[in-house]
Amino acid sequence: MATDSLKKSNIYLALLGRLVAGLLLFSALQASANIGVDEHPGAQVPLNVPFLDEDGKSVTLGKILDGKPAILTLNYYGCPGLCTPQLNDLAHNLTKVKLTENKDYKVITLSFNPLETPEVAAKKKVNLLASMKRPFDAKAWTFLTGTEENIHKVTDSVGFNFEKQVGPKGMVDYIHPTVLVAISPQGKITRYLNGIEQLPFDIQMAMMEASEGAVRPTIAKTLALCFAFDPKNKTYVFATEKVLAGILSLILLGFFIYLVLSGRKKQVSEEKDV
């Protein structure tokens, strides 16, 4: 009897734990309901809003673009969670992109924490450039800081929604999404690449399309399996060999599963006969 009572108590405690966890999750989702990216393809980012670059110089997005497309990242340099993995992934991928930085494209990272300074931005830039496996033109990647008003002019234009949180000890943190935004030389939003990790293929294609001002829907990473880059013509071509290899692999896998299932059925039938 005591054992049965103990079992029932454990069951009730487990159910209570799940209920509490569910309520906490629901509360978190409600609190962060407005956090995320409302995509604005074809919209214009403000090109004349002043910011400070990592050297403390006043610049605008229009001046940085200088007639070239760009990848815009929205982060804050003291971020303990998502920002560092995202920027590390971007730095890694930029060494594999078969385009020339500062000639074919630019990279712009804007901190959405108005308390951060050019000194902090400069330190982040040095660390990221040092992590790259090939020399990367430092002039091609600009790290910005700015006022809260000016930051929101950019984040609102791209639909980047984040929320500031202050901890019990006064520690400032932000709940935010992770996204790369492709911008045309004229400042038009041409594509969104959501998530922490990207593919060099996606970044390269986004910059090529942005250079022409072509607005495209959010990238599906599966496209990388079906296309290959032609460095001579700087375009993507249908990768027939990749697709055929994929189809052949699926056929072989299906045949293997058929053989396994057939073997089991035969074994069961022989055991019954015995």
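Computed from the coordinates by the stated procedures, all read-outs in this text should not be read as laboratory data. This is a predicted model, so every value here is computed, not measured. Positions of Cβ are generated from backbone atoms using ideal geometry, with glycine treated the same way; all protein chains shown enter the neighbour counts.
Segment 162-192 and segment 51-67 have Cα centres separated by 18 Å. Residue ranges 57-64, 145-152 sort as 145-152, 57-64 when ordered by packing (mean number of other C-beta atoms within 10 Å per residue, highest first).
Does anything in segment 66-91 have its amide N under 17 Å from the 7 Å Cα→Cβ label point of M171, and if so which residues? Under cut-off, by backbone N: 76-84.
When each of the peptides 126-135, 189-198 is scored by the mean number of other C-beta atoms lying within 10 Å of its residues, the order from highest to lowest reads 189-198, 126-135. With 25 Å as the limit, the listed pairs K68/K125; K106/K164; K57/K153 have K106/K164 beyond it between alpha carbons.
How much length would be gained if the chain were fully extended between T117 and I251, taking 0.36 nm per residue of separation minus their Cα-Cα distance, in nm to one decimal?
Between T117 and I251, full extension yields an extra 42.6 nm.
Using only side-chain charges placed at the Cβ, +1 for Lys and Arg and -1 for Asp and Glu, the dipole size of segment 36-220 relative to its Cα centre rounds to 480 debye.
Using only alpha carbon pairs under 8 Å that are at least six residues apart, calculate the relative contact order of segment 36-220 and give it in whole percent.
Values: 377 pairs, mean separation 60.8, N = 185.
Reported as a whole number, the value is 33 percent.
Can you tell me how much longer the chain between D66 and N127 gets when fully stretched, taken as 0.36 nm per residue apart minus their C-alpha distance, in nm with one decimal?
Values: separation 61, 0.36 × 61 = 21.96 nm, distance 2.52 nm.
My answer for the length gained is 19.4 nm.
Could you calculate the FRET efficiency of A214 with K139 from 1/(1 + (r/R0)^6), where r is the beta carbon distance between them and R0 is 35 Å, rounded to 0.05? So, using R0 = 35 Å, E works out to roughly 0.85.
Convex hull volume of the Cα atoms of segment 128-227, normalised per residue: 160 Å³. Shape summary of segment 36-220, radius of gyration then Dmax from alpha carbon positions: 15.1, 49 Å.
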